[in-house]
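Below is one structure; the comments refer to it alone.
The values are calculated or read from the model by the stated rules, or taken from the named source; none is laboratory data. Here the structure is a predicted model, which is why all the values come from computation and not from measurement. Here the Cβ positions follow ideal geometry from the backbone for every residue, glycine too, while neighbour counts run over all protein chains shown. These accessible areas exclude ligands, DNA and RNA; they are computed on the full protein's heavy atoms, side chains included. Shrake-Rupley method; radii C 1.70, N 1.55, O 1.52, S 1.80 Å.
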Amino acid sequence: MATLEGCRCRSASARNNSILYSILKSDSLVTAEVPQHHQQLHSQHQTLQHLLLKGSSTTSVPGSLQELRQQACSCGSTRRRGVLRSPQETCKAASAVLVKTLHFVKNVPCFCELPEGDQLMLIRSGWAPLLVLGLAQDRVDFETTETVEPSMLQRILTGVPERQSEVRAVQNRAAVGVSVVDIETIKAFLKKCWSVDISTKEYAYLKGAVLFNPDLEGLRCLHYIQALRREAHQALNEHVRLIHREDSTRFAKLLIALSMLRAISPLVIAQLFFRPVIGAVNIEEVLMEMFYGK
């Protein structure tokens, strides 16, 4: 069982400090008690819509061209971009999953015992992979339509100055969705989860492993968070061995699915699932407002 080391987190009973108890308790709140908390979740969803709409009229362009150049590829693959075919419907579904994801995190006792600074870092690091896990769990599928960004040759032929052309390219990129490669990565993860047919408890353990990320710099409770991730993996392994005794490869399949999340960028998730409806908005500010009410 994990214990708090090197931080001032509240002490709790052995039962409440167990990641097994914490995650299953949180998962039961999200699944079994949804009817009792429907009004609360509806209120949180309305808060999300209100906060997102506040930023819908703003625009954002990277402060430098470095981001654009880093995304560029000599083969031109980043010019192939995709947008949601049904943005209103898909963004609404993604927003509902985001609300349930934050509800899950709020009800994990081990998380609530961490210093606020560590909580902020874990939320910023984990909200996107947790959201994608939630999309998989709720079987939220989506269709996209491909669009092509003008090539460098086309920009040269139009006579637009280089810097002006690149800045305009950044603005166009924001308006025309995300890279097709990124979309394929998200879809590959969803298909992987659905092919494995992950159970509710397994999703809960996977969320715990994602949430407690010890690889972040500056964590005060680093050793405790490392222990919590180990316990999440151990609990998942024990559950798989108990329920799926005949499938010796299932635990490995789940870890492979988990590793696929590392290739999914939070910027891509925000751009694909939220920007089409609400425009340019700082998603992290929205998360903090929803989670802490500030």
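Considering A94, A72, which residue is within 22 Å of L272 (Cα to Cα) and modelled with pLDDT under 90? Before you say what the answer is, go through the steps one by one.
Details: A94 fails: modelled with pLDDT under 90.
Of the residues listed, the single one that is within 22 Å of L272 (Cα to Cα) and modelled with pLDDT under 90 is A72.
The single condition among (1) of a type in the set (S, T, Y); (2) over 22 Å from S125 (Cα atoms); (3) under 17 Å from the mean Cα position of the chain (by Cα) that T249 does not satisfy is (3).
For every residue, the table says whether it meets (1) at positive phi; (2) surrounded by 14 or more Cβ atoms within 10 Å (Cβ to Cβ); (3) in contact (Cβ under 8 Å) with a residue 40 or more places away in the chain.
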residue	(1), (2), (3)
E184	no, no, no
L190	no, yes, yes
E217	no, no, no
A227	no, yes, yes
V240	no, yes, no
I269	no, yes, yes
L272	no, yes, yes
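L236 satisfies every condition listed in (1) without any contact (Cβ under 8 Å) to a residue 40 or more places away in the chain; (2) more than 12 Å from the chain's Cα centre (by Cα); (3) open to solvent by 40 Å² or more (accessible area, probe 1.4 Å) except (3). Does Q66 qualify as being open to solvent by 20 Å² or more (accessible area, probe 1.4 Å), under 20 Å from I283 (Cβ atoms) and modelled with pLDDT under 90? So Q66 does not fit the description; no.
Residues in region 82-135 that are under 25 Å from C193 (Cα atoms), in a helix (DSSP H, G or I) and small (G, A, S): A93, A94, S95, A96, S125, G126, A128, G134. Restricting region 202-219 to residues that are charged (D, E, K, R) and modelled with pLDDT under 95, which is nearest to A232 (Cα to Cα)? The residue in question is D215. All conditions in (1) in a helix (DSSP H, G or I); (2) more than 18 Å from I256 (Cβ to Cβ) hold for I186, with the sole exception of (2).
Scan region 191-202 and tell me whether some residue there is under 16 Å from T101 (Cβ atoms) and under 16 Å from the mean Cα position of the chain (by Cα). Yes, region 191-202 has at least one match. Which of the residues that make up region 277-288 are open to solvent by 30 Å² or more (accessible area, probe 1.4 Å) and under 17 Å from the mean Cα position of the chain (by Cα)? Matches in region 277-288: V281, N282, E284, E285.
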